[in-house]
Protein chains: 2
Amino acid sequence: MRDVYHHQLDEILVELEYMTHAVSTAVRRSTSALLTAHLGTAEEVIAGDAQLDAAGEAVEEKIFDLMALQAPVASELRMLVAALRMVADLERMGDLAAHIAKITRLRHPAPAIPTELHGVIQDMGRVAQRMVDQAGDVIKSRDVTAAHRIESADDEMDRLRSSQFRLMMDDSWQHGVEVAVDLALLGRYYERIADHAVSMARRVIFLVTGHLPTAQ
Amino acid sequence: MRDVYHHQLDEILVELEYMTHAVSTAVRRSTSALLTAHLGTAEEVIAGDAQLDAAGEAVEEKIFDLMALQAPVASELRMLVAALRMVADLERMGDLAAHIAKITRLRHPAPAIPTELHGVIQDMGRVAQRMVDQAGDVIKSRDVTAAHRIESADDEMDRLRSSQFRLMMDDSWQHGVEVAVDLALLGRYYERIADHAVSMARRVIFLVTGHLPTAQ
């Protein structure tokens, strides 16, 4: 039978998974609110961010208590330090989903993104959410191959961001400055969500292999 | 006489201060490169980011070793956990200064920012750099009043960002989409540098008082 201490260590991983699900939902809903100019959904994502922060703080306190009271051995301490970093990643991803929702709220009742540009947002939202889901799976499975796959998905995000820039900088751009600025910032938010998913995957790789993958 | 262990704890704070100075320099130089379209300076900021990351990793390893080998009491452990977070803040601020430099490089030999808009960039660069310097001072002094002053400086950054948005969204905007997109992203980078300085100040307040200031 496992003791209370190891049960508490496992519990932290379960709570990280729970936070990852919440972030995935926030990314999906903030994208949906953006494409439908749906204020209610945007407001819910913004309000939900405070809950995510509270969940993060609670996990941080648990991690701190384990560090302070259980004198973890080095490998467990590595796991706890990695968990602290992942909590920070997840809180930040929640902030970014809320930032996406705030652009919907700012432009409401007008849609922030004209219909002709929905494709690029849909693609970025889809890739970002998939990367968040994969990060959640990797926390559970500690599967290094799956963790590396998240880095490939990030290449897809980079390509989407480049094609978004080409679109805006093209002479045929006809949506004006406001849409361009919103789209540039939205692209940045999705890209940062993807970066944090990569960062989580890299921490799992480090925990399992003892080596950080070479930065891209 | 202080023992080796407490000397090592002090050393970590000294290294955080050192990193803060490096970040302050990077912010100042990336702004200067932007306003003078100086490729060499921009390249140096970009190259310097790798050094900053290496310094951050070295400090992280020292923090980890102290945690693993010295079984720090709760107050010291709080300090070490806060230091881990501050290292992450500082690495991120270095990345953001490099992002600013990359916009200079991307547009070179053309200047990214037309002369008429230098004022807003100068102001943001100045406020961001001051906040980084103040964060460094606060790490050293642990002065809670000075830490709260960083939050007021952040209000100034928010005002600068709002006035920047008004400028871009105004009908009289005549610099086109590309400059607007660059300016929006630059504004975001300076704002995030400021956020990280606030985050560092809040961690010092927490260490000294045991309470996090209410989020703004």
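Go through (1) touching a helix residue (DSSP H, G or I) at 6+ places or on another chain (Cβ under 7 Å); (2) more than 21 Å from A:Ala98 (Cα to Cα) one by one and return the number of the condition A:Ala194 breaks.
Against the list (1) touching a helix residue (DSSP H, G or I) at 6+ places or on another chain (Cβ under 7 Å); (2) more than 21 Å from A:Ala98 (Cα to Cα), A:Ala194 comes up short only on (2).
Each row is one residue, and each column tells you yes or no for (1) open to solvent by 20 Å² or more (accessible area, probe 1.4 Å); (2) in contact (Cβ under 8 Å) with a residue 24 or more places away in the chain; (3) touching a Leu at 6+ places or on another chain (Cβ under 7 Å).
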residue: A:Gln51; (1), (2), (3): yes, yes, no
residue: A:Glu60; (1), (2), (3): yes, yes, yes
residue: A:Val73; (1), (2), (3): yes, no, no
residue: A:Arg85; (1), (2), (3): yes, yes, no
residue: A:Ser141; (1), (2), (3): yes, no, no
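Please find, among A:His21, A:His6, the residue that is free of Cβ contacts under 8 Å to residues at least 40 places away in the same chain and either in contact with a His (Cβ under 6 Å, 6 or more places away or on another chain) or assigned to a helix (DSSP H, G or I) (or both).
Values: A:His21 fails: free of Cβ contacts under 8 Å to residues at least 40 places away in the same chain.
Being free of Cβ contacts under 8 Å to residues at least 40 places away in the same chain and either in contact with a His (Cβ under 6 Å, 6 or more places away or on another chain) or assigned to a helix (DSSP H, G or I) (or both) holds for just one of A:His21, A:His6, which is A:His6.
Considering only segment A:148-174, state which residues are of a type in the set (D, E, K, R) and either within 12 Å of chain B (Cβ to nearest Cβ) or part of a loop (DSSP other than H, G, I, E, B) (or both).
Passing the criteria: A:Arg161, A:Arg166, A:Asp170, A:Asp171.
In the list A:Ala33, A:Ala74, A:Ala68, which residue meets the criterion of being of a type in the set (A, V, I, L, M, F, W, C), at negative phi and within 18 Å of the chain's Cα centre (by Cα)? Write out each step before concluding.
Details: A:Ala74 fails: within 18 Å of the chain's Cα centre (by Cα); A:Ala68 fails: within 18 Å of the chain's Cα centre (by Cα).
When all the criteria are applied, what remains is A:Ala33.
When you go through (1) in contact (Cβ under 8 Å) with a residue 40 or more places away in the chain; (2) hydrophobic (A, V, I, L, M, F, W, C); (3) open to solvent by less than 10 Å² (accessible area, probe 1.4 Å); (4) part of a helix (DSSP H, G or I) one by one for B:Ala180, which number turns out not to apply?
(1)
For segment A:88-123, name all the residues that are within 28 Å of A:Val59 (Cβ to Cβ), more than 10 Å from chain B (Cβ to nearest Cβ) and of a type in the set (A, V, I, L, M).
Selection gives A:Leu90, A:Met93, A:Leu96, A:Ala97, A:Ala98, A:Ile100, A:Ala101.
Could you list all residues from segment B:143-164 that are of a type in the set (S, T, N, Q) and touching a residue at least 40 places away in the same chain (Cβ under 8 Å)?
Residues satisfying the conditions are B:Ser163, B:Gln164.
Restricting attention to segment B:45-87, report how many residues are out of contact with any helix residue (DSSP H, G or I) (no Cβ under 7 Å at 6 or more places or on another chain) and either away from chain A (no Cβ under 11 Å) or in a helix (DSSP H, G or I) (or both).
Of segment B:45-87, the ones out of contact with any helix residue (DSSP H, G or I) (no Cβ under 7 Å at 6 or more places or on another chain) are B:47, B:50-51, B:54, B:57-58, B:61, B:65, B:69, B:71, B:73, B:75.
Next, from what is left, pick out any that are either away from chain A (no Cβ under 11 Å) or in a helix (DSSP H, G or I) (or both): B:47, B:50-51, B:54, B:57-58, B:61, B:65, B:69, B:75.
The number of residues fulfilling the criteria is 10.
Starting from segment B:194-207, keep only residues that are of a type in the set (S, T, N, Q), then list their pairs with residues that are buried (at least 20 other Cβ atoms within 10 Å of the Cβ) and in a helix (DSSP H, G or I) whose Cβ atoms are within a distance under 7 Å, requiring at least 6 positions of separation or different chains.
B:Ser199/B:Asp89
Tell me whether segment A:123-131 contains one or more residues that are closer than 19 Å to A:Asp195 by Cβ, at pLDDT 95 or above and touching a Ser or Thr at 6+ places or on another chain (Cβ under 6 Å).
Filtering segment A:123-131 for residues closer than 19 Å to A:Asp195 by Cβ gives A:123-131.
Within this subset, residues satisfying the condition of being at pLDDT 95 or above are A:123-131.
Now drop any that are not touching a Ser or Thr at 6+ places or on another chain (Cβ under 6 Å), which leaves A:125, A:129.
Taking every residue of segment A:123-131 in turn, at least one turns out to be closer than 19 Å to A:Asp195 by Cβ, at pLDDT 95 or above and touching a Ser or Thr at 6+ places or on another chain (Cβ under 6 Å).
Counting only residues that are open to solvent by 10 Å² or more (accessible area, probe 1.4 Å) and among the β-branched types (Val, Ile, Thr), how many does segment B:183-207 have?
1
Only one residue in B:His108, B:His99, B:His118 is open to solvent by 20 Å² or more (accessible area, probe 1.4 Å), at pLDDT 95 or above and in contact with a Phe, Trp or Tyr (Cβ under 7 Å, 6 or more places away or on another chain), so which one is that?
Values: B:His108 fails: in contact with a Phe, Trp or Tyr (Cβ under 7 Å, 6 or more places away or on another chain); B:His118 fails: in contact with a Phe, Trp or Tyr (Cβ under 7 Å, 6 or more places away or on another chain).
Just one listed residue meets the conditions, B:His99.
The values are calculated or read from the model by the stated rules, or taken from the named source; none is laboratory data. These numbers come from a predicted model, not from an experiment. Glycine gets a Cβ as well: all are built from the backbone with ideal geometry, and neighbour counts include every protein chain shown. Keep in mind that these areas ignore ligands, DNA and RNA; they rest on the heavy atoms of the full protein, side chains included. Shrake-Rupley method; radii C 1.70, N 1.55, O 1.52, S 1.80 Å.
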